[in-house]
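Novice: Here's a structure for you.
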Amino acid sequence: MTDDILASLVPETLRDLLQDAGCRVAIVAPPPEAPAGLPPILRSATNGMAFEVRFADPLPDDAKRFAGFTLVAGLRVVGDLPSALVNRWNGERRFGRLFLQAGMLLLVQDVILAGGVTRGHLRAQVALWDRLIQELMLYLRAELAKIPDSLPNLPATANADAAE
């Protein structure tokens, strides 16, 4: 069996790939009040943490096909979270980045199909995402244990309504 080269994909292709990896996935259309032309979002979860797939780089000749996507998982932050904790994560890891934004701690990973990639490469990116989420949970448990109780609390995933 050959592994075709993909320079773009439709949301259903990535949904199928995530399902093959054991994730339940929902394709969510943009809300009616959203600007026209926004792509759908995939909602899923891994290791008990909900995440979304946000598509990027629509092809000029086919706006339903995309040359990239971003995996995003968010945790609501109650209290203050030291920026050093976020910066240390970002300095120690290559593929996933943390951002503290408006009371949310966001883990993001960009996946680009420019030049063409195989389905095997996309499966590896999904496996990497799964590993990043596992590492994030371990990292936060260890680092937050070092902070006095009066500081941050990360209760639950922000997008808890995602398919698990």
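The values are calculated or read from the model by the stated rules, or taken from the named source; none is laboratory data. Just so it is clear, the model here is predicted, and its values are computed rather than measured. No Cβ is skipped: glycine too gets one built from the backbone with ideal geometry, and neighbour counts run over all protein chains shown.
Novice: Identify all residues within segment 20-66 that are closer than 23 Å to residue 130 by Cα, in a loop (DSSP other than H, G, I, E, B) and of a type outside the set (Lys, Arg); write none if there are none. Show your work before the answer.
Specialist: We begin by selecting, within segment 20-66, every residue closer than 23 Å to residue 130 by Cα; these are 20-28, 40-56, 66.
With in a loop (DSSP other than H, G, I, E, B) added as a condition, the list becomes 21-25, 40, 47-48.
Result: 21, 22, 23, 25, 40, 47, 48.
Novice: Next up: Are any of the residues in segment 83-91 among the charged types (D, E, K, R), within 26 Å of residue 147 (Cβ to Cβ), touching a helix residue (DSSP H, G or I) at 6+ places or on another chain (Cβ under 9 Å) and surrounded by fewer than 19 Cβ atoms within 10 Å (Cβ to Cβ)? Step through it out loud before you land on a result.
Specialist: Restricting attention to segment 83-91, the residues satisfying the condition of being among the charged types (D, E, K, R) are 88.
Those left that are additionally within 26 Å of residue 147 (Cβ to Cβ): 88.
The next check asks that each one be touching a helix residue (DSSP H, G or I) at 6+ places or on another chain (Cβ under 9 Å); those that pass are 88.
Adding the requirement that they be surrounded by fewer than 19 Cβ atoms within 10 Å (Cβ to Cβ) leaves 88.
Looking for residues that are among the charged types (D, E, K, R), within 26 Å of residue 147 (Cβ to Cβ), touching a helix residue (DSSP H, G or I) at 6+ places or on another chain (Cβ under 9 Å) and surrounded by fewer than 19 Cβ atoms within 10 Å (Cβ to Cβ), one finds at least one in segment 83-91, hence yes.
Conditions tested, residue by residue: (1) out of contact with any strand residue (DSSP E or B) (no Cβ under 7 Å at 6 or more places or on another chain); (2) over 23 Å from residue 139 (Cβ atoms).
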| position | (1), (2) |
| --- | --- |
| 51 | no, no |
| 63 | yes, yes |
| 69 | no, yes |
| 73 | no, no |
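Novice: Select from segment 24-48 the residues that are free of Cβ contacts under 8 Å to residues at least 60 places away in the same chain, surrounded by 10 or more Cβ atoms within 10 Å (Cβ to Cβ) and not aliphatic (A, V, I, L, M) and write down the one among them that is farthest from residue 117 (Cα to Cα). Even if it seems obvious, please write down each step before you answer.
Specialist: Looking only at segment 24-48, we keep the residues that are free of Cβ contacts under 8 Å to residues at least 60 places away in the same chain, and these are 27-42.
Imposing the further condition that a residue be surrounded by 10 or more Cβ atoms within 10 Å (Cβ to Cβ) reduces the set to 27-30, 38-42.
From what is left, the residues that are not aliphatic (A, V, I, L, M) are 30, 39-40.
Details: 30: 27, 39: 21, 40: 22 Å.
For segment 24-48, the residue satisfying everything is 30.
Novice: Now for a different question. For the subset of segment 67-82 comprising residues that are assigned to a strand (DSSP E or B) and of a type outside the set (A, V, I, L, M, F, W, C), which member is surrounded by the most Cβ atoms within 10 Å (Cβ to Cβ)?
Specialist: So, considering only residues that are assigned to a strand (DSSP E or B) and of a type outside the set (A, V, I, L, M, F, W, C), the one surrounded by the most Cβ atoms within 10 Å (Cβ to Cβ) is 74.
Novice: Find all pairs meeting these conditions: Cβ atoms under 9 angstrom apart; at least six residues apart or on different chains; first residue within segment 114-130 and surrounded by 15 or more Cβ atoms within 10 Å (Cβ to Cβ); second residue modelled with pLDDT under 95 and part of a strand (DSSP E or B).
Specialist: Close Cβ pairs satisfying both conditions: 126/46; 129/46; 130/46.
Novice: Something else: Being at pLDDT 85 or above and touching a Ser or Thr at 6+ places or on another chain (Cβ under 9 Å) is true for just one of 131, 119. Which residue is that? Spell out the reasoning first.
Specialist: Numbers: 131 fails: touching a Ser or Thr at 6+ places or on another chain (Cβ under 9 Å).
Step by step, each of 131, 119 is checked, and only 119 is at pLDDT 85 or above and touching a Ser or Thr at 6+ places or on another chain (Cβ under 9 Å).
Novice: Write out, first by first residue and then by second, each pair whose Cβ atoms fall under 8 Å of each other, whose residues are 6+ apart or on separate chains, and whose first residue, in segment 96-108, is under 12 Å from residue 129 (Cβ atoms) while the second is charged (D, E, K, R).
Specialist: 107/97; 108/97
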